[in-house]
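In what follows, a structure is listed as structure tokens, so that the remarks can point back to it.
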Amino acid sequence: MNATDRLIPEPDLLPLLSELVAVDRTAVAPEQQRLEYMEFVDMFRGQEPTFPGVIRDEIIAADPSGRPVPVRRYLPTHQSNPGHVLVYLHGGGWVLGSLETHDRFTRAIAERLALEVISVDYRLAPENPFPAAFDDCACVVAHAAKDATWLAVAGDSAGGNLAAAISAHCAAAGSPVDAQVLIYPGLADHTSDDDQSRDGFGLDRAEVAYFWSCYCGSQQVDARLAPLLAPDPIPAPPTLISTAGCDPLERDGVEYAQRLIGAGVPTTYLPFPGLIHGWLDLAEQVPSSGHARDLLIEAIGQLRQRSSAAPAVSE
């Protein structure tokens, strides 16, 4: 298992790359960045699909403060395994993203797997730096665990970071989740990264460093911020890790997968060498991304089947 050495984007991504590289989100205020990101996501959406069930926005009170954490709950009419729950943590560098930006993917998971999904609208940086997002997501995971018979934590990009950190935190605390899904996750501190080989594909090192600084602020970096800093063996449940080859964060996922496999954690590694960071946003209009999304959802279903009877691995 190695990070991709020769970067060859999927042909249907090539027309988009010049537009993606031209975007500098860091040049405007976070509020404007969020609006522009939502507009970008909308560009690649088709007609809103129907959902066979109930989609409900709710508020979960964070203990012990009672601070409200908004969530969106997807409840298919016919659940294949009632009591099975997947908590989804959206990406966006801890600065961008919302329930809306990731609505199509979360509803697709819920519909295709007949699985209850809870999407978390955690507090964003830089207004709310670490540990705000971590605390909000951990609160929802703890809330879901009260009634779930099987519980997974999943996320893309910054959400993958949060999912890995919370899964390890739960395992160390003696209340492990049953599975985790990490989609092109950022798991290390990249502020001093001098590798230019993956610049030019929509997410550059400068942007990664910007998001990191917004989230971390002056906080001393530890495993809750950068899960790759956790000592071996990393406490983790059965895991699915998916990476994109044309992505500066690819090596994070590869290294994490290798460490989990070395520790005996049941781990599935699903690479997409020709895709770019954030390809989930493109899945409804770009065929290569849509195909990858189908494979990813299928792999999540397989992970659920395997992990339903598998104990989580802890220290």
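Specify whether the C-alpha gyration tensor of the stretch 178-276 places it in the rounded, prolate or oblate class, a ≥ b ≥ c being the square roots of the eigenvalues: rounded for a/c under 1.5, otherwise prolate if a/b is larger than b/c and oblate if not. Oblate is the answer for the stretch 178-276, as a/c is 1.5 or above yet b/c matches or exceeds a/b.
Counting only trypsin sites (Lys or Arg not before Pro) that sit in a DSSP loop (anything but H, G, I, E, B) with at most 10 other Cβ atoms within 10 Å, what is the longest stretch of the chain containing none of them? Segment 147-315 is the longest. For a test of the definition: using alpha carbon positions, the gyration tensor, and the 1.5 limit on a/c, classify the stretch 98-253 as rounded, prolate or oblate. It comes out prolate by the Cα gyration axes. Taking the Cα centre of the chain as reference, the dipole from Cβ charges on Lys and Arg (+1) and Asp and Glu (-1) amounts to some 900 debye. Shape analysis of the stretch 58-101 places it in the oblate category; the axes a ≥ b ≥ c from the Cα gyration tensor give an a/c of at least 1.5, with a/b not above b/c.
List the chymotrypsin sites (Phe, Trp or Tyr not before Pro) within the stretch 24-89 that fall in a DSSP loop (any state other than H, G, I, E or B) and whose Cβ has at most 16 other Cβ atoms within 10 Å. Hits after loop and neighbour filter: Phe44. Solvent-accessible surface of the chain, averaged per residue with a 1.4 angstrom probe and all protein chains in place: 41 square angstrom.
Our note on the geometry: Cα centres of the stretch 41-77 and the stretch 90-158, 9 Å apart. Normalised by the number of residues in the chain, the mean separation of alpha-carbon contacts (under 8 Å, six or more apart) gives a relative contact order of 20 percent. Heavy-atom surface analysis with a 1.4 Å probe gives the stretch 27-183 a carbon and sulfur content of 54 percent of its accessible area.
Each stretch of four or more DSSP H residues adds -39500 (n - 2.57); spread over every residue of the chain, this sum gives -11000 deg cm²/dmol at 222 nm. Here the accessible area of the stretch 218-261 is 51 percent carbon and sulfur, with a 1.4 angstrom probe and all protein chains present. Got a sec? Charge dipole of the chain, +1 on Cβ for Lys and Arg, -1 for Asp and Glu; which of Phe211, Asn81, Leu296 is way out at the positive end? The residue sitting farthest along the positive end of the dipole is Asn81.
The values are calculated or read from the model by the stated rules, or taken from the named source; none is laboratory data. Quick caveat: nothing in here was measured; it's all calculated off a predicted structure. Here the Cβ is made from the backbone with ideal geometry for all residues, glycine too, and neighbour counts use every protein chain on show. Accessible surface areas use protein heavy atoms only, side chains included; no ligands, DNA or RNA. Shrake-Rupley method; radii C 1.70, N 1.55, O 1.52, S 1.80 Å.
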